[in-house]
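Report on one structure; see the data block that follows.
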Amino acid sequence: MTDTAPRGTRIAHIGLAVTTLDQILPFYRDILGMTEIPLDDADGARITGLIAGESLVELLEARTPESPVGKFVARRGPGIHHICFAVDDIDDTLARCKAFGVRVLDEIPRIGAEGKRIAFLHPASTAGVLIELSEY
Ligand code: CO
């Protein structure tokens, strides 16, 4: 239970796998006019956040070829990597995913690039989309 009213699921960010962050960043920042915010590295990726209203775009550049983003880019090229949904209660949502038969990549939530608790769901269970759940 929380002492705040439920806010409902929203798109927290969209993760874009890029080959070279410094090359594509000026397009989003200078041409589309999005404000850059620093984010921590996560899962072997260097990450830059760009404010898009209530959501973020995260540009993910692999630090090593063995990282998840490195493997993704090698296999499929740059593109949309994952969608992150912020949910009111990540523990409850993750438990309901498991009960529903959704394959999870994180059995329990862990800390993500924004310093929030997150958990990934396997795309095989979600119509081919890598989904990240996040607390608000
Ligand atoms: Co993410």
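The values are calculated or read from the model by the stated rules, or taken from the named source; none is laboratory data. Note that this is a predicted model, so its numbers are computed, not measured. Note that each Cβ is placed from the backbone with ideal geometry, even for glycine, and that neighbours are counted across all protein chains shown.
Tabulated data
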{"item": "Of all residues in segment 78-95 being outside any strand (DSSP E or B) and touching a residue at least 40 places away in the same chain (Cβ under 8 Å), the one that is surrounded by the fewest Cβ atoms within 10 Å (Cβ to Cβ)", "result": "89"}
{"item": "Failed item, numbered, when residue 21 is tested on (1) at pLDDT 95 or above; (2) within 14 Å of the ligand (Cβ to nearest atom); (3) of a type in the set (A, V, I, L, M)", "result": "(2)"}
{"item": "Considering residues of segment 65-74 that are in contact with a strand residue (DSSP E or B) (Cβ under 9 Å, 6 or more places away or on another chain) and either modelled with pLDDT under 95 or not β-branched (Val, Ile, Thr) (or both) only, the residue farthest from the ligand (Cβ to nearest atom)", "result": "74"}
{"item": "Set 114, 61, 132, 107: member being assigned to a strand (DSSP E or B) and closer than 30 Å to residue 4 by Cβ", "result": "132"}
{"item": "Criterion violated by residue 39 - all others in (1) more than 16 Å from residue 70 (Cβ to Cβ); (2) at pLDDT below 95; (3) in contact with a Pro (Cβ under 9 Å, 6 or more places away or on another chain) satisfied", "result": "(3)"}
{"item": "Residue within segment 45-54 that is in contact with a Cys (Cβ under 9 Å, 6 or more places away or on another chain), under 21 Å from residue 128 (Cβ atoms) and at pLDDT 95 or above present", "result": "no"}
{"item": "Hits in segment 18-39 - residues which are surrounded by 12 or more Cβ atoms within 10 Å (Cβ to Cβ) and among the acidic types (Asp, Glu)", "result": "36"}
{"item": "Every pair of residues 6+ apart whose Cβ atoms lie under 6 Å, when the first sits in segment 107-136 and is near the ligand (Cβ under 10 Å from one of its atoms) while the second is basic (Lys, Arg) and assigned to a loop (DSSP other than H, G, I, E, B)", "result": "134/116"}
{"item": "Members of segment 97-106 that are on the phi < 0 side of the Ramachandran plot and touching a residue at least 24 places away in the same chain (Cβ under 8 Å)", "result": "97, 102"}
{"item": "Filter result for residue 26 (more than 16 Å from the ligand (Cβ to nearest atom) and not in a loop (DSSP other than H, G, I, E, B))", "result": "yes"}
{"item": "Among the candidates 70, 15, residue that is outside any strand (DSSP E or B) and either without any contact (Cβ under 8 Å) to a residue 40 or more places away in the chain or not acidic (Asp, Glu) (or both)", "result": "70"}
